[in-house]
Amino acid sequence: MAGVRRRDRHGRGLRGPLTPPQAPVSRTRAERFDDLVSDEVRRLGKRWERELAKVEFLVEDVPEVGPWPDGPVPLGQTVPGEDGAPVRIVVFRRPVEARATGDEEIGRMVRDLLVEEIADLLGLSPESVDPSYDSPD
């Protein structure tokens with residue numbers, strides 16, 4: 001067994017991952033953000049299933065903006081469907097994370113952003129789309 005190493009060169013055991021890959025702590029920030037958006041879409045979809053049936057929800061890292069944007073970098077946008085393509089609501093992960101001070105605030109921002117985009121798409125007020133809109137919890 002000349003090719004098998006049981007210890008590293010300092011006499012310690014082989015190094016490997018500290019947590020199994022399925023453990024929540026081993027998920028990347030981007031994966032956790034995707035999960036957060038999916039959970040909010042699922043929650044809102046229960047109430048607005050028929051109206052959101054042909055809407056795609058996407059997460060992108062950053063929006064495409066020019067080198068000197070006129071205003072703040074957008075947190076999300078609604079892309080109208082053309083030529084049979086579905087309407088898309090896009091959430092931009094890095095701008096949301098940059099403006100939030102912690103995980104709880106990221107969750108509130110994602111919730112409020114999705115509610116605002118859905119309300120705009122359906123022509124309703126955000127409060128009628130989700131009564132918890134703009135609440136601190």
### Message
If you scale each eigenvalue of the Cα gyration tensor by 5 and take the root, what three semi-axes come out for the stretch 56-134, rounded to whole angstrom and sorted largest first?
### Response
20, 19, 11
### Task
Please list the non-local residues whose amide H lies under 5 Å from the amide H of Val87, H modeled 1.01 Å from N, same-chain partners needing a gap of 5 or more.
Glu56, Gly81
## Note on the structure
Once Lys and Arg are counted +1 and Asp and Glu -1 for all other residues with Cβ under 9 Å from that of Val87, the total becomes +1
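No value in this document is a laboratory result; all are computed from the given coordinates. On a predicted model such as this, the values are computed, not experimentally measured, just so you know. Neighbour counts run over all protein chains shown; Cβ positions are idealised from the backbone, glycine included.
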